[in-house]
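Enquirer: Mind having a look at this structure? Questions to follow.
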Amino acid sequence: MIGTVRTAQAVQAFNQHPSGRAHAYLLDVTDEAAIEPVVAEMERSHGPLDVLINNAGYGHEGVLEESPLAEMRKQFDVNVFGAVAMIKAVLPHFRARRAGHIINITSMGGYLTMPGIAYYCASKFALEGLSDTLSQELSPFGIAVTAVAPGSFRTDWAGRSMRRSPRSIADYDASFDPVRDARQAKHGKQLGDPAKAAKAILSIIGSAAPPAHLLLGSDALKLVQGRLAAQAAEIEKWKALTCSTDG
């Protein structure tokens, strides 16, 4: 098991995993120039990489009008461009071996939205679309791609890892404040168990035919199914106008 972390303390903690088979490397996925050499060193020291799990990411909370564009760029640098840079670093190795599995951790926020996390949802929608396209490009080489979309899990996503833009426009109080309050009240009490999520991911790694998309959590299943049903109904409602543009 090989992982990338951003601090020397995290390296030490990772290497002390009870399995005795954990190896950590210092890497920030926004440091594009550092990624390829680190991946090459992993291959030299530990042999061929079989699976890439793009788990680096964080959430941004803020009404779009109140949130600086710089925050969106930071969000995409980690959640999207960092994942793409890692993929591009491993692909030559995977393609040469005609094997490999890329797992991108997206979110149910890559299917549905709510007030105050526009930048985060946009990044996860982007990663879902990228994963789907990549799956089609790489399947001829025996390389699988899975976008894993978790619901609410007991992680630090809504705590220390969340970046929050300051509030400044009272017009948004009624739509945004209840969502923020509910998120903070639920933090640490979410239904999803991270250890069970890890086991689920291991099960698709071992699958002969892994899914291109996988939801994790009953909340994700319920909310995404509801969103897709509403979307299908809206498409049906407007299909006459949709088809009216044909020549």
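Enquirer: With the requirement that a residue be within 22 Å of Met72 (Cα to Cα), buried (at least 19 other Cβ atoms within 10 Å of the Cβ) and of a type in the set (A, V, I, L, M), what does segment 127-147 give you?
Expert: Correct list: Leu127, Ala147.
Enquirer: Please find, within segment 14-41, the residue that is farthest from the chain's Cα centre (by Cα) out of those that are among the charged types (D, E, K, R) and either surrounded by 14 or more Cβ atoms within 10 Å (Cβ to Cβ) or at pLDDT 95 or above (or both).
Expert: The initial filter retains those residues of segment 14-41 that are among the charged types (D, E, K, R), namely 21, 28, 31-32, 36, 41.
Filter once more, so that each one left must be either surrounded by 14 or more Cβ atoms within 10 Å (Cβ to Cβ) or at pLDDT 95 or above (or both): 28, 31-32, 36, 41.
Numbers: Asp28: 16, Asp31: 18, Glu32: 18, Glu36: 21, Glu41: 25 Å.
In this case the residue turns out to be Glu41.
Enquirer: Those residues that are among the charged types (D, E, K, R), free of Cβ contacts under 8 Å to residues at least 24 places away in the same chain and out of contact with any strand residue (DSSP E or B) (no Cβ under 8 Å at 6 or more places or on another chain), I need them from segment 29-75; list them, please.
Expert: First pass over segment 29-75, keeping only residues among the charged types (D, E, K, R): 31-32, 36, 41, 43-44, 50, 61, 65-66, 71, 73-74.
Narrowing further to those that are free of Cβ contacts under 8 Å to residues at least 24 places away in the same chain: 31, 41, 44, 73.
Once the filter is applied, which keeps residues that are among the charged types (D, E, K, R), free of Cβ contacts under 8 Å to residues at least 24 places away in the same chain and out of contact with any strand residue (DSSP E or B) (no Cβ under 8 Å at 6 or more places or on another chain), segment 29-75 yields Asp31, Arg44, Arg73.
Enquirer: Right, Gly82: assigned to a loop (DSSP other than H, G, I, E, B) and within 17 Å of the chain's Cα centre (by Cα) or not? Spell out how you get there, then give the answer.
Expert: Details: assigned to a loop (DSSP other than H, G, I, E, B): no; within 17 Å of the chain's Cα centre (by Cα): yes.
No; evaluated as a whole, the condition is false for this residue.
Enquirer: Sticking with this one: Considering only residues that are β-branched (Val, Ile, Thr) and in a helix (DSSP H, G or I), which ones fall in segment 119-145? Working first, answer last.
Expert: Within segment 119-145, the subset β-branched (Val, Ile, Thr) is 133, 143, 145.
Selection gives Thr133 alone.
Enquirer: Got a number for residues in segment 12-42 being closer than 19 Å to Asn79 by Cα and among the small types (Gly, Ala, Ser)?
Expert: So the answer is 2.
Enquirer: So, one more: Report whether or not Ile117 is aliphatic (A, V, I, L, M), buried (at least 17 other Cβ atoms within 10 Å of the Cβ) and either out of contact with any helix residue (DSSP H, G or I) (no Cβ under 8 Å at 6 or more places or on another chain) or within 16 Å of Glu43 (Cβ to Cβ) (or both). It would help to see each step written out before you state the result.
Expert: Details: aliphatic (A, V, I, L, M): yes; buried (at least 17 other Cβ atoms within 10 Å of the Cβ): yes; either out of contact with any helix residue (DSSP H, G or I) (no Cβ under 8 Å at 6 or more places or on another chain) or within 16 Å of Glu43 (Cβ to Cβ) (or both): no.
Against the criterion (aliphatic (A, V, I, L, M), buried (at least 17 other Cβ atoms within 10 Å of the Cβ) and either out of contact with any helix residue (DSSP H, G or I) (no Cβ under 8 Å at 6 or more places or on another chain) or within 16 Å of Glu43 (Cβ to Cβ) (or both)), Ile117 does not qualify.
Enquirer: Would you say Ala230 is exposed (fewer than 12 other Cβ atoms within 10 Å of the Cβ) and closer than 23 Å to Leu127 by Cα? Working first, answer last.
Expert: Values: exposed (fewer than 12 other Cβ atoms within 10 Å of the Cβ): yes; closer than 23 Å to Leu127 by Cα: yes.
Here the answer is yes, as Ala230 does meet what is asked.
Enquirer: In segment 187-204, is there at least one residue being out of contact with any Asp or Glu (no Cβ under 6 Å at 6 or more places or on another chain), part of a loop (DSSP other than H, G, I, E, B), farther than 30 Å from Glu66 by Cα and without any contact (Cβ under 8 Å) to a residue 12 or more places away in the chain?
Expert: No, segment 187-204 contains no residue that is out of contact with any Asp or Glu (no Cβ under 6 Å at 6 or more places or on another chain), part of a loop (DSSP other than H, G, I, E, B), farther than 30 Å from Glu66 by Cα and without any contact (Cβ under 8 Å) to a residue 12 or more places away in the chain.
Enquirer: I'd like to know if segment 43-55 contains one or more residues that are among the acidic types (Asp, Glu) and over 26 Å from Ile205 (Cβ atoms).
Expert: To start, the set of residues in segment 43-55 that are among the acidic types (Asp, Glu) comprises 43, 50.
Subsequent filtering for residues that are over 26 Å from Ile205 (Cβ atoms) retains none.
No, segment 43-55 has no match at all.
The values are calculated or read from the model by the stated rules, or taken from the named source; none is laboratory data. Here the structure is a predicted model, which is why all the values come from computation and not from measurement. Note that each Cβ is placed from the backbone with ideal geometry, even for glycine, and that neighbours are counted across all protein chains shown.
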